[in-house]
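I have placed the structure first, in the form of structure tokens, so that the comments after it can refer back to it.
The values are calculated or read from the model by the stated rules, or taken from the named source; none is laboratory data. Values in this document were obtained by computation on a predicted structure and should not be read as measured data. So basically every Cβ, Gly included, is an ideal-geometry build from the backbone, and we count neighbours across all protein chains shown.
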């Protein structure tokens, strides 16, 4: 991994959507984050926390409400439509649903050939050879290139989606819940393919998932999102073995473990996730937090601060005592 400047630098990135009756959806709210060249950053959180919107913003499939997205030194929020079109082949997405992300009326060869032609590969022989190479890289038989998506299983379709994303030889790949819709037996295969390709091509990747155990297998660093904000980010080992934010601890406690027994119930946080149209004051997690709160929790929104080497957390309790572990109640574990 390069020790130079990050490939992606996000500053105060915000995306608000206007809902019915002029209510505002706070999908992403002031996120500051970077992705180093050659690293895989895992982004984890419950459904609706804004992680997929963040991925689409980075890839510029959505326009931000405010904030900056700097890709390889270029502020993409200041680019014209034409300039953005020229930049997009350098950053590609792998989408969650392989059943809807592939054109059912195109063959596999046509699906993968389109980005190749955009990149400048023109002759039939070059396209055919490159399609065959890409299919081989993701573990598919190149002889199947004239088949249509419906003739493949879910796992095979996701492999096709990965091959399509790699066709332009991107520097950044954003994988948005790439295994969420697949059987558990297939998930491991796809994760191993992604990990192998990242190492082989030294890709920079953002891996988005609601499952922190999945993220931990493929990521060098992990960022945890809750209700539009990043509440913890740090080296994967530190976040998994020494989580500082109570929300991160709850996500890890909910991961099934063999020692708990087959019938053990997953830990559940109290209450429901607040609506992004009615964000609580203070710490956004305080309405579900199981710790012994202080007044600031309900009135002042915490900023990220360094709780360890490269390990940032946004929690008043951690800031006050250095760690939230000692304040955890019986309901937290």
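The table below lists the values:
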{"read-out": "Residue in segment 220-236 that is farthest from residue 269 (Cα to Cα), counting only those that are outside any strand (DSSP E or B) and modelled with pLDDT of 95 or more", "value": "236"}
{"read-out": "Exclusive hit being crowded, with 17+ Cβ neighbours inside 10 Å and over 18 Å from the mean Cα position of the chain (by Cα), set 223, 236, 163", "value": "163"}
{"read-out": "Some residue of segment 108-122 being more than 22 Å from residue 39 (Cβ to Cβ), in contact with a strand residue (DSSP E or B) (Cβ under 9 Å, 6 or more places away or on another chain) and either surrounded by 16 or more Cβ atoms within 10 Å (Cβ to Cβ) or at pLDDT 95 or above (or both)", "value": "yes"}
{"read-out": "All positions within segment 141-151 that are without any contact (Cβ under 8 Å) to a residue 24 or more places away in the chain and either surrounded by 20 or more Cβ atoms within 10 Å (Cβ to Cβ) or part of a loop (DSSP other than H, G, I, E, B) (or both)", "value": "141"}
{"read-out": "Boolean, residue 78 is over 27 Å from residue 34 (Cα atoms) and surrounded by fewer than 18 Cβ atoms within 10 Å (Cβ to Cβ)", "value": "no"}
{"read-out": "Subset of segment 13-51 (residues that are without any contact (Cβ under 8 Å) to a residue 60 or more places away in the chain and surrounded by fewer than 22 Cβ atoms within 10 Å (Cβ to Cβ))", "value": "14, 16, 17, 18, 20, 21, 22, 34"}
